[in-house]
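First comes the structure, then the notes that go with it.
Read-outs: derived from the displayed coordinates by stated rules, not from any lab. Here the structure is a predicted model, which is why all the values come from computation and not from measurement. Cβ atoms come from the backbone with ideal geometry, glycine included; neighbour counts cover every protein chain shown.
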Amino acid sequence: MLPPFPLEHNLISPFCGTDGPSQVNLPNSITLVRILSIPVLIWVLSSARFPTVNGEKELLAAALFIIASITDGIDGYIARRRGEITTMGILLDPLADKLLIAAAFITLVQFNPRMVPAWIAVVIIGREFLVSGLRSIAASEGFTIEASDLGKVKMVVQIVSVVAVILDHRWPQFTVYRSYVFSLDWIARFAIWFMVALSLVSAGVEAREVFAFAASEHLSQLRGVFTTLYLDKKLRGCVGYPAAVTPLYRAVIETARGAAFDDPRFAPLTLTEAMQTQISLSVLSALVPIAAEDVEIGRHGLLISEGSRRGLLLPQVPVEHGWDRITFLEQTCRKAGLPVTAWLHGAKIEAFSAEVFADGDIAEIRMQK
């Protein structure tokens with residue numbers, strides 16, 4: 001497969017900086033606190049330093065787990081409210097959640113095996129790994145699995161089940177009023193089994209979403225594609241496949257990622273810049289040889305090559321810059337690193353048309369047959 005290569009409209013645009021929000025901000029600090037609370041929770045439940053006669057160990061562990069769980073909602077809320085979503089946060093937040101749940105259930109196997117046998121911990125933790133893998137597959141296919149209402153219910157049940165099992169270790173049941181006995185044991189059992197059922201069902205739902213995805217016949221066609229990014233009406237990145245070597249939907253995914261992060265003329269796109277970036281997508285027709293005198297401005301894109309050197313300019317480029325046919329041919333030669341007169345001396349000239357989809361505008365540029 002030919003690698004995608006960057007597209008230069010005319011002159012190389014100024015190099016852009018990478019200044020963005022600090023990675024270690026308040027939301028990320030809260031997430032880090034949640035991660036640091038995990039070994040503390042394990043220590044409290046496993047250590048003999050805390051007495052269980054009056055339930056001090058159980059109350060401390062339950063409070064610690066509840067506080068750590070609450071921070072999961074707080075860090076996300078603050079990050080969205082303050083616009084402080086960072087790469088570090090995107091990585092750490094789900095990692096912290098899975099580590100907290102895994103650590104809690106592994107420790108409970110030892111702390112209260114009557115309520116949490118090892119197989120239950122394996123099912124719950126295995127579900128977390130399965131969902132992570134499914135979401136990675138979805139991301140590689142270009143779509144995202146959003147958190148469902150079922151997943152949110154599962155999170156609440158997780159908190160209830162862990163706290164109930166911890167407290168059940170000391171108070172399986174206790175008298176609430178006179179002869180009325182409150183059975184925490186039954187609540188813990190119900191919560192654990194409900195948790196297992198929700199884990200299996202939610203994993204099945206997410207697996208169905210992933211494997212039910214199938215690109216349409218049109219999106220599965222092999223097409224050349226270029227993705228161009230603009231920031232403040234200036235080129236910010238452009239990468240593409242000139243030849244039809246991969247399905248359209250995947251080509252769009254790969255060129256969009258490449259334009260944002262892999263164009264060697266620019267620093268990787270920051271989150272702040274992404275909010276203001278405009279996108280133009282050019283879906284190319286097949287390349288066909290063309291004589292220099294037949295090139296038409298606004299209709300043809302060009303690929304000029306000689307030996308290992310090649311240069312490509314999209315149909316809209318000469319229109320944007322007001323070039324005539326000769327200038328268009330010369331600039332494409334320059335793009336290839338060839339003398340500007342190479343098109344007159346044997347360089348291979350190929351043309352293509354493009355369907356152009358841009359933010360706020362849709363334009364179609366087609367080659368006449």
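Could you list, bin by bin from short to long, the percent of Cα-Cα pairs of the chain in 20 Å steps?
The distribution over the chain is 23, 38, 24, 12, 2, 0, given as percents.
Count neighbours as other Cβ atoms within 10 Å of each site's Cβ, and list the trypsin sites (Lys or Arg not before Pro) in segment 31-106 that are DSSP loop with at most 14 such neighbours.
In loop regions of segment 31-106 (DSSP not H, G, I, E or B), the sparsely surrounded trypsin sites (Lys or Arg not before Pro) are Arg49.
What does the extension gain come out to for His345 and Val319, with contour length at 0.36 nm per residue minus their alpha carbon separation?
Difference between extended and current length: 6.8 nm.
Taking 0.36 nm per intervening residue step and subtracting the Cα-Cα distance, what contour gain separates Lys233 from Trp171 on full extension?
Extending this stretch completely gives an extra 15.7 nm.
Pairing the Cα long axis of helix 87-111 with the longest principal axis of the chain, what angle in degrees results, from 0 to 90 and rounded to the nearest 10?
The two axes meet at around 30 degrees.
Springs between alpha-carbon pairs under 10 angstrom, Gaussian network model over the chain: which of Gln278, Gln110, Gln158 fluctuates most?
Gln110
Filter the cross-link list Lys233/Lys348; Lys233/Lys335; Lys234/Lys335 down to pairs whose alpha-carbon distance in this structure exceeds 25 Å.
Violating the 25 Å Cα-Cα cut-off are Lys233/Lys348.
By how many nm would the segment from Ala102 to Ala118 lengthen if fully extended, with 0.36 nm per residue of separation less the alpha-carbon distance?
Full extension from Ala102 to Ala118 adds 4.6 nm.
Suppose a student asked you for the relative contact order of the chain, using Cα pairs under 8 Å spaced at least 6 residues apart; what percent would you report?
Over the chain, the number comes to 17 percent.
Could you work out the Rg to Rh ratio of segment 93-134, with Rh taken as the Kirkwood radius (inverse of the mean 1/r over all Cα pairs)?
Using Cα coordinates only, the ratio equals 1.01.
What is the angle, in °, between the Cα long axis of helix 325-335 and the longest principal axis of the Cα atoms in the chain? Nearest 10 is fine, range 0 to 90.
Tilt of helix 325-335: around 50 degrees.
With N set to the number of residues, divide the alpha-carbon radius of gyration of segment 219-365 by 2.2 N^0.38 Å and report two decimals.
1.03
Can you compute log10 of I(q)/I(0) for segment 26-212 with the Debye formula, treating each Cα as one identical point scatterer, at q = 0.08 Å⁻¹?
For segment 26-212, the Cα-only Debye profile gives -0.29.
May I ask you to list the lysines whose Cα is less than 26 Å away from that of Lys98, ignoring any residue fewer than eight positions away on the same chain?
Within reach: Lys57, Lys152, Lys154.
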